[in-house]
Amino acid sequence: MTTKDAYGQSIDLWALTDAPDIPGAIAALAAGVIPRGVMRFASASTRGATITSPVDGMLTYLQDVKRLDARIGGAWVALSVGASSWTTISLASGFGQNGNSNGTLQYRLLNIAGEESLQFRGAITRSSYPSSPPASYVINSTALPTAVRPQTLRTVLIPCSDVSSDRIALKLDIQTDGYLEIFGFSSSAKPPWLGFNGVTVSL
C-alpha cells in the first residue's frame with residue numbers, strides 16, 4: 001500500500017511492502033507532483049482541453065501570452081505577465097509617429113494585481129487638418145490583437161498640444177474591436193501632436 005508524502009500534499013509514494021512495480025511507482029509520483037508544479041501549455045484552450053477537472057491551487061504558464069495563472073475559487077486567475085514587449089501601432093493615413101519627440105506609439109500587455117491591463121506609450125503627430133475636421137478620428141490602420149482588446153469600451157483622456165487647439169486634452173476610446181478613436185477635434189481644435197504616455201486601462 002502506498003504511503004503519503006511527509007509534507008501533507010497527498011502525494012502517493014511506493015512503500016517497501018508494495019509489490020515491485022517501477023512504472024506504477026513512477027506514475028503515482030508523477031500524478032501527485034505534476035498537478036502541484038507549474039504546468040506549461042501553449043494557450044488557455046490547450047489547458048482547458050488537457051485539464052478537464054482543475055482544482056484550486058494549480059499553477060499554469062500560458063506560452064502564447066507569457067502569463068502565470070493560478071486556480072483560485074474555481075477560476076483561473078492571472079498572477080503575472082512576463083516580459084511583455086512593446087509593439088508599435090500602425091497608424092491611419094494622416095498621422096505620424098514621435099509627436100512632440102515623445103517616441104513611437106506602442107502598446108504592451110501588463111498584469112496589475114492580477115488584472116490584465118493594456119498600457120500605451122509615445123505620441124503621434126498630424127501636420128494638417130481639413131478646415132472643418134470631423135469630430136473624431138480612428139488613428140490605427142490595423143486593429144489591436146484580440147489578446148489586448150478590452151471586454152467593454154474604455155474611455156480615457158489623453159493630452160494634446162495647445163498650439164492650434166483651444167483644448168489641451170481629447171477623449172480616447174479604446175474599442176472592443178481593437179480600434180483607437182479620438183474625439184474632440186473641431187475647427188478650433190487641431191493639435192499637431194497627441195500623447196499616450198502612462199495611459200493604462202483594464203482589459
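The values are calculated or read from the model by the stated rules, or taken from the named source; none is laboratory data. Keep in mind it's a predicted model, so treat the numbers as computed, not measured. Please note: Cβ atoms are built from the backbone with ideal geometry, for glycine as well, and neighbour counts cover all protein chains shown. Surface areas here come from the heavy atoms of the whole protein model, side chains and all, with no ligands, DNA or RNA. Shrake-Rupley method; radii C 1.70, N 1.55, O 1.52, S 1.80 Å.
So here's what we get for this one:
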| read-out | value |
| --- | --- |
| Interchain or long-range residues, amide H under 5 Å from LYS190's placed H | SER165, ASP166 |
| Contact order relative to length of the chain, as percent, for alpha carbon pairs under 8 angstrom and 6 or more apart | 15 |
| Positive-end residue of SER127, TYR107, SER80, charge dipole of the range 64-153 with Cβ unit charges | SER127 |
| Cα centroid separation - the range 108-160 against the range 53-95, whole Å | 20 |
| Length gained when the stretch THR2-VAL163 is fully extended (0.36 nm per residue, less Cα-Cα span) | 50.2 nm |
| Potential lengthening between SER132 and ASN197 on full extension [0.36 nm per residue; Cα-Cα distance subtracted] | 20.6 nm |
| Long-range HN-HN contacts of LEU91 with modeled amide H, under 5 Å | SER141 |
| Surface share of carbon and sulfur [accessible, 1.4 angstrom probe, percent] for the chain | 56 |
| Cα point-scatterer Debye curve for the range 89-143, base-10 log of I(q)/I(0) at q = 0.25 Å⁻¹ | -1.02 |
| Linear extension gain, MET39 paired with ASP18, 0.36 nm per residue minus alpha-carbon span | 4.6 nm |
| Projected label distance in nm at SER85 and PHE183, using a 7 Å step from Cα toward the beta-carbon | 3.6 |
| For the range 164-171, Karplus couplings with θ = phi - 60° (6.51, -1.76, 1.60), whole Hz, Gly/Pro x | 6, 8, 8, 9, 10, 8, 10, 9 |
| Distant-in-sequence amide H partners of ASP12 (H built 1.01 Å from N, under 5 Å) | GLY32 |
